[in-house]
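Reviewing the structure listed below.
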Amino acid sequence: MTQASDLAAHYDLVVIGGGPAGLAAAAEAGRAGLSTVLFDENPGVGGQIYRAITSTPVADRAILGEDYRAGSDLVAEARTGGALIANGATVWSLDPARLVGVSIAGQARLIQAGRVIVATGSLERPFPIPGWTLPGVMSAGGAQTLLKAQGLVPDGRTVMAGGGPLLWLLAAQILRAGGRIEAILDTMPRRNWLRALPHLPDFLLSPYAAKGVKLLREVRARVPVIRVAELEAVGDDRLREVSFNGRRLPADLLLLHQGVVPNVNLAMAAGVAHEWNARQLCFQPVLDEDFNSSVPGIAVAGDGAGIAGGTAAAERGRIAAVAAIRALRPSAPVPDLQIIRQRLQREEMGRSFLDWLNRPADSFRQPEGDTIVCRCEEVTAGQVRAVADLGCEGPNQMKAFMRCGMGPCQGRLCGLTVTELIADQRGTTPAEVGYYRLRPPVKPITVAEFASLPIAEGERLAVEN
Amino acid sequence: MFKRLADSGKSVALTVDGRPVDCRAGDTVAAALLAAGVDRCRTTPVSGAPRGPYCLMGVCFDCLVTIDGVGSRQACLVPVREGMAVETQSGRREAGR
Ligand code: FES
């Protein structure tokens, strides 16, 4: 495994994140002869979509599906390309001068990058319902990680709730793995169809249409699907029941999911300009067609650039890498961009339909009353709304008053909710309200790690802060 | 809450709050806890409510535990090692303490 002491002080390209975008970018850059390092926080590459692709104990290929297996090719491509791939490497800082702070096994380093491709992907949209902090309530993505990486299948009474492609895919995977699901509580409003319908023709031409229909059939044949307008996890010290539509269902595990949103923390902390995407209901970086951000030399590729899925992420990674290669080594051969852009366009075709169809209901994005919004500081929706009523105009002021967003997750599980709550309460838009101002370190770094920086680097950081 | 699909991996022995727990090479600490039926990692500093792993991808920090004496490590990011001593924790959540 790559250690901190193996790292050079400078690389032409630093890629952050080992999902499809990061792997494809590292493959292209390495092949073109750029000195390239890929930092990935997880024990193995693959990102969330191809999580544990090189080590999964799930031997039966049918369980996770062929799309998952496609990740193997990307890993092989990145490995033969010549890039250094460092796993267990947490990037805690990135500044506009492209100085990258990274920790591997408790050892910290500062690396100067000629260019940076941020490929930090997506995370699941917050799903703030009453009781979502109880042990026994987990994100669907989390359960999928356990299945892919450790071959763990939900056991006991499992209820799934929410909507979106990942929820249905996970349901199918659990069933194929011999698991049982008591019910799927579909929280997507039926009227979403009205806005989705005009985009149906495009979706039908996309690679996702046939697969999606097949998946829904597979799951619906074996699991009762109930449309719900309200949802609550009930229990004292852990989940005991799921309450919905005036009914209660005993449950040991509740898996929540209502789509994914870009993981913006690192890019925002680096000063990259972001904008509100009203269709996808999230902030995303402002990028040009090569995925260059507002900060020179820093690109954002993959789902972090706006949600489009794993296959699109890889194409975006390639495009960003080609831009880096052209900037740093114009004589190096690069693949035909036209072809890559065409493939990307095809991948993105069905997106509008999926976005509108799986647009989470307002009530599940903008909760009320005692529902916890900020899991770290245990701030409720009612408190955020009340403070907004008192005149608090934005998330940063809210942070100062309520401490929401100040905990270790740094707003990753409350940021969008707080923005939307303030907008709702003040009758304005999320674009107007904005997001938390983020500063490095974007991941907690210990005093011991800080002390492990080679002396010159530690001084530089101390002076800059 | 969870069962193992393929019980093929090499066995790894840990202790959780002093109790022996058997898990598999390739587990993260969070996966090992969940597979052993341990569904809480810590209590919160604000209300003392119990929390267990939620995201399993290093984002939520609800999985913080003390590993070999080092507090507030993200259980979902740390691979298991033979002989590891894992302790659930209360309140604290500052990295490394
Ligand atoms: S379970 Fe969320 S950070 Fe570990």
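Odds and ends about this structure:
- Test: residue in the range A:408-416 that is within 16 Å of the ligand (Cβ to nearest atom) and among the small types (Gly, Ala, Ser): yes
- The set of residues from the range A:224-242 being more than 14 Å from chain B (Cβ to nearest Cβ) and without any contact (Cβ under 8 Å) to a residue 60 or more places away in the chain comprises A:Pro224, A:Val225, A:Ile226, A:Arg227, A:Glu241.
- Boolean, A:Gly131 is more than 8 Å from chain B (Cβ to nearest Cβ), part of a loop (DSSP other than H, G, I, E, B) and at positive phi: yes
Yes/no matrix, rows are residues, columns are (1) of a type in the set (D, E, K, R); (2) more than 14 Å from chain B (Cβ to nearest Cβ); (3) open to solvent by less than 30 Å² (accessible area, probe 1.4 Å); (4) free of Cβ contacts under 8 Å to residues at least 40 places away in the same chain:
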| residue | (1), (2), (3), (4) |
| --- | --- |
| A:Phe39 | no, no, yes, no |
| A:Asn42 | no, no, yes, no |
| A:Val58 | no, no, yes, no |
| A:Leu64 | no, no, yes, no |
| A:Arg69 | yes, yes, no, yes |
| A:Ala78 | no, yes, yes, no |
| A:Leu84 | no, yes, no, no |
| A:Asn87 | no, no, yes, no |
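- The set of residues in the range A:417-458 being open to solvent by 20 Å² or more (accessible area, probe 1.4 Å) and small (Gly, Ala, Ser) consists of A:Gly427, A:Ala431, A:Ala448, A:Ala451, A:Ser452, A:Ala456.
- Residue within the range B:34-51 that is open to solvent by 10 Å² or more (accessible area, probe 1.4 Å), assigned to a loop (DSSP other than H, G, I, E, B), within 22 Å of A:Ala105 (Cα to Cα) and within 13 Å of the ligand (Cβ to nearest atom) present: no
- The range A:263-301 - residue that is assigned to a strand (DSSP E or B) and open to solvent by less than 10 Å² (accessible area, probe 1.4 Å) and, of those, farthest from A:Ala321 (Cα to Cα): A:Cys282
- Some residue of the range A:395-404 being open to solvent by less than 30 Å² (accessible area, probe 1.4 Å) and within 14 Å of another protein chain (Cβ to nearest Cβ): yes
- Residue under evaluation A:Lys214, criteria (1) basic (Lys, Arg); (2) assigned to a helix (DSSP H, G or I); (3) at pLDDT 95 or above, criterion not met: (3)
- Condition check for B:Pro20: of a type outside the set (A, V, I, L, M, F, W, C), out of contact with any helix residue (DSSP H, G or I) (no Cβ under 7 Å at 6 or more places or on another chain) and touching a residue at least 24 places away in the same chain (Cβ under 8 Å): no
- The range B:73-97, subset of a type outside the set (D, E, K, R) and within 11 Å of the ligand (Cβ to nearest atom), residue surrounded by the fewest Cβ atoms within 10 Å (Cβ to Cβ): B:Leu77
- Test: residue in the range A:233-242 that is surrounded by 16 or more Cβ atoms within 10 Å (Cβ to Cβ) and more than 20 Å from B:Ala49 (Cα to Cα): no
- When residues of the range A:149-174 are limited to those that are more than 10 Å from chain B (Cβ to nearest Cβ) and among the β-branched types (Val, Ile, Thr), the one farthest from A:Ile129 (Cα to Cα): A:Ile174
- The single residue among A:Val387, A:Val442, A:Val379 that is away from every other protein chain (no Cβ under 14 Å) and either modelled with pLDDT under 95 or away from the ligand (no atom under 16 Å from the Cβ) (or both) turns out to be A:Val387.
- Failed item in (1) facing chain A (nearest Cβ under 9 Å); (2) in a strand (DSSP E or B), with B:Gly71 passing the rest: (1)
For every residue, the table says whether it meets (1) open to solvent by less than 30 Å² (accessible area, probe 1.4 Å); (2) touching a strand residue (DSSP E or B) at 6+ places or on another chain (Cβ under 7 Å).
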| position | (1), (2) |
| --- | --- |
| A:Met1 | no, yes |
| A:Ala9 | no, yes |
| A:Leu13 | yes, yes |
| A:Gly22 | yes, yes |
| A:Ala25 | yes, yes |
| A:Gly30 | yes, yes |
| A:Gly33 | no, no |
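- Unique residue being modelled with pLDDT under 95, facing another protein chain (nearest Cβ under 8 Å) and over 13 Å from the mean Cα position of the chain (by Cα) when the list is B:Gly58, B:Gly48, B:Gly9, B:Gly91: B:Gly9
- Where A:Thr145 falls short, out of the listed (1) within 14 Å of chain B (Cβ to nearest Cβ); (2) touching a Gly at 6+ places or on another chain (Cβ under 6 Å); (3) not in a strand (DSSP E or B): (2)
- Selection within the range B:24-33 - open to solvent by less than 10 Å² (accessible area, probe 1.4 Å) and more than 9 Å from chain A (Cβ to nearest Cβ): B:Val29, B:Leu33
- Comparison of A:Leu249, A:Leu200, A:Leu239 shows that the only residue that is assigned to a loop (DSSP other than H, G, I, E, B) and either modelled with pLDDT of 95 or more or of a type in the set (Ser, Thr, Tyr) (or both) is A:Leu239.
The values are calculated or read from the model by the stated rules, or taken from the named source; none is laboratory data. Everything numeric in this text was worked out from a predicted model, so none of it was measured. Note that we place each Cβ from the backbone using ideal geometry, even for glycine, and neighbour counts take in every protein chain shown. Just the protein is used for accessible areas: all its heavy atoms, side chains included, with ligands, DNA and RNA removed. Shrake-Rupley method; radii C 1.70, N 1.55, O 1.52, S 1.80 Å.
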